Each structure stands twice: as C-alpha cells, then as structure tokens.
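The values are calculated or read from the model by the stated rules, or taken from the named source; none is laboratory data. Remember, predicted model here, so these are calculated numbers, not experimental data. Glycine also receives a Cβ, built like all others from the backbone with ideal geometry; neighbour counts cover every protein chain displayed. Areas reflect the complete protein model, heavy atoms only, side chains present, ligands, DNA and RNA absent. Shrake-Rupley method; radii C 1.70, N 1.55, O 1.52, S 1.80 Å.
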Amino acid sequence: MTFTTTGPGPDFSAFSKATELKKRIWFTLFALIVYRTGTYIPIPGIDPVALGAMFQQHQGGILGMFDMFSGGALKRMTIFALSVMPYITASIIVQLLSAILPSFEALKKEGEQGRMKLNQYSRYLTVLFAVVQSYGISIGLENTQGGSAVIVNAAFFRISTMATLTGGTIFLMWLGEQITARGIGNGTSLIIYSGIVANLPHAIAQTLEQGRVGALSTWFILCIMVLVVGVLATCVFFERAQRRILVQYPKRQVGNRASEAQTNHMPLKINTSGVIPPIFASSLLLMPLSILSFTDVSQKGGILSDIVASLQHGKPLFMIMYATLIVFFAFFYTSVQFNPVDVADNLKKYGGFVPGIRPGKNTADYFDYVLTRLTVLGAAYLATICLVPEFLMSRGAIPFYLGGTSLLIVVSVTIDTLQKIQTHLYAHQYQGLIKKMPRK
C-alpha cells in the first residue's frame, strides 16, 4: 500500500482579485471576534473569588478539559460557558439514530429536505441538553466545596443561569451555521479552534513559568516542546496523506464526437473522518461528567463519586473509554462520509472502472476493503495522537491546550480551512478563464 500527499495549490496571487473570498474571510473573522468577546461576558450573580477557588481545586480534571473546548469561557463562567458542546452531542445522537432507526434513515435519503429536518431535530436536542447542563452548573455553583459561589437569590440565579447559558449555546449554534454558510470552513470546528488558539500563548507562558519557579524541570519542558513539534508534524503528515486508486474511463462515442480514454485517481484519505472522532468522544464524555463535577459528588461518596474519580483526566478508565469512542467514531463517521456502494454505482454509470476489478459489487467490495484498512490506520493514529501526549502531560500538570487533542484540532481545522480557501481561489480562476474565452 503506497501513500501520497496532496500536490501544490492554486496561485495565491489571485487572492487580491477574489472579492467573494475576501468577503467570506472578513465575515468569518468578525463572527469569531463576536464569539471571543462573549467568552468574557460573565453571567450575573457569581462570586469570582469563590469561582476561582473551585476551579483551582479541579485543575487538570474534567472541568479543565471542558474549559479547553469552551475557550476559557467555563473558567470565567461567561454566557458562552457551554460553548457548542451540547450541539455536538445532539448532532452525534441524531447521526447515530440515522443509522439505526428506519424513519431517520429515510429522512437522510430525502436529500436537502430530509437534511433540514434532521438538523431541526438536532437543534431541539441542543436546547434540551443545554437546559440540563446549565441547571446542573447552577446547582453546582450553589454547593461548591467551601461555600457557595452565588451572591444572589438561589431561585433567581438558577433561572437566569439556565436562560443565559442556554441562550448562549443557541446563539453559538446559529453563529456556527452562519460561518459555514457565509464564511470559510466549518463553523462549529472554527469556534472550538479559535478558543484553543486564543489560549495557546497563555498555556505556553504558564508552562515556562512552572519551569522558572522549579515546578517543572528544564529537561521535562524540553521534552514537552519536542513532543508538541512531533505531534504537529505527525498530524500534518497523516491529515494530508491519501491512498490513490487508479480509475480508468474507456473511449466513448457520443453522437459525432468521440472522447479519448482517460485515467484518473480516486483519493482516499487515511483519516477520512478528520477531527470529528476526538470532538465527538470528548463531547459524550464531558457532558455527564461536567454536571457531576459541578455538583461535587466526590465529597459525598458513593458510586457516583467513584465514577468521577475513575474518569478524571489521565486515569486508566478515562483513557480506555476515550480511545474506544475515538475508534468507534472514526469508523462510524467514515461510513457516513464515504459509501462504497454509491461510489461504485456512480463509476459504473459513467463507464469508469478500477483495473483488474469487475464493475459493480466487486468494485464496492474493493473500496470497502481498502477503506477499512485505511480507517484502521486512521483510528490508530487518532487514538495515539490524542492519548499519548495527554497521558504524559497529566503527570506534569501541563495545560490542556498543549495536549494531543487540542493540537490535532488546530492542525486539522487549519488544513481544512486552507483547502476551502484554495477551492474558492480555483473557482475564481476558472470564472476568470471563462470570461476571457471568445464568444461565438
């Protein structure tokens, strides 16, 4: 099996003339600035000193990981504290139901109309999850260890917190959809990406400060930096690597015109699912555990206390569940993105074939065989990238922003966004060529 990386992109000198692309980029930047501004607007009725003490107790735990995905909004307890995690959880459930329930599967096959209906279900579930999580947060803030972090009436605080956090999640869900439609790249991924990137300088400074005061040794910090560079290089390689399957089209006669035989390549990425598996896995783990962490069940004992303790960051049970969910979603989302039967049928319809493989079912089986082998490599790559740095960093109290999951998101979203920009530049160049063609 041989792999290649994608070739050179379009001429970026045409960027200055791509008016539509520049509008999309400016819109994306404006939307992300709005998001980052909201991560500094606190919800009413919070004692910042008590809140800071609570997060200091849970530093490096589940709340720290949730705070990474919220771009620091959870630690500041702002209107965007839940970020887009309820929306991601809802999307996971709807996609899983689409593969299980015949009614949802039928909606999926209805095209644009069915997709809009499924998106509507995702929005309803998002509101439900946001209400549940915000209620759990409000209860937890009232009963933090060492006293309440709430300085207003309890009933008013619960209602206002549920309304504020749920409204913030709904707004981010809408903002992400607007970025996807009117901006560049996937809006939900860019929201998470911007939060991670905005906190990376602080994470680096915090790590260096720990070295200055002697909390971390110099060699350990150097090892972490080498590990970060290695993770970035590995992510870039695997995200760009692909298996190219040779596809041939025979000579065809259409009316009085004869088309020459053609040879193309069908690219299959090693990591077809992209950054979705780690995000989905984190979302499913963080939603219930964040509520349990806020309610501070660890101080009350019992089964829930043992579960929370076993699922803290860096614990064996957490690592096993995280890796299992990553592998599962790698295979699941790959099957959603690429259907071997549909691809084989389309090839057969237009006369294409893979040399040495009979068109139709045999071609579909071949695609499925190759894709399964690639997905095994992709799932192993994702699990390794996400777990090995996290395991090492949990031993040294390194910020989550320097972990494998966050770096994978940064690399994947950056590559995806650049590819979207290249696509728009290609379209602009082709439009210019068409306009220059002489009219008959």
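General observations
- Residues being open to solvent by less than 70 Å² (accessible area, probe 1.4 Å) and either modelled with pLDDT of 90 or more or aliphatic (A, V, I, L, M) (or both) - total across segment 25-60: 16
- Among the candidates R212, R252, residue that is more than 21 Å from L408 (Cβ to Cβ), of a type in the set (K, R) and modelled with pLDDT of 80 or more: R212
- Segment 281-339 - residue that is buried (at least 20 other Cβ atoms within 10 Å of the Cβ) and among the small types (G, A, S) and, of those, modelled with the lowest pLDDT: S298
- Residue check for E142: modelled with pLDDT under 90 and not aliphatic (A, V, I, L, M): yes
- Answer residue from segment 14-24, given it is of a type in the set (G, A, S) and open to solvent by less than 50 Å² (accessible area, probe 1.4 Å) and is modelled with the lowest pLDDT among those: A14
- The residues in segment 108-144 that are farther than 18 Å from F66 by Cβ, open to solvent by 30 Å² or more (accessible area, probe 1.4 Å) and not acidic (D, E) can be counted, and the count is 16.
- Answer residue from segment 334-368, given it is of a type in the set (V, I, T), in a helix (DSSP H, G or I) and within 26 Å of E260 (Cβ to Cβ) and is nearest to the chain's Cα centre (by Cα) among those: V343
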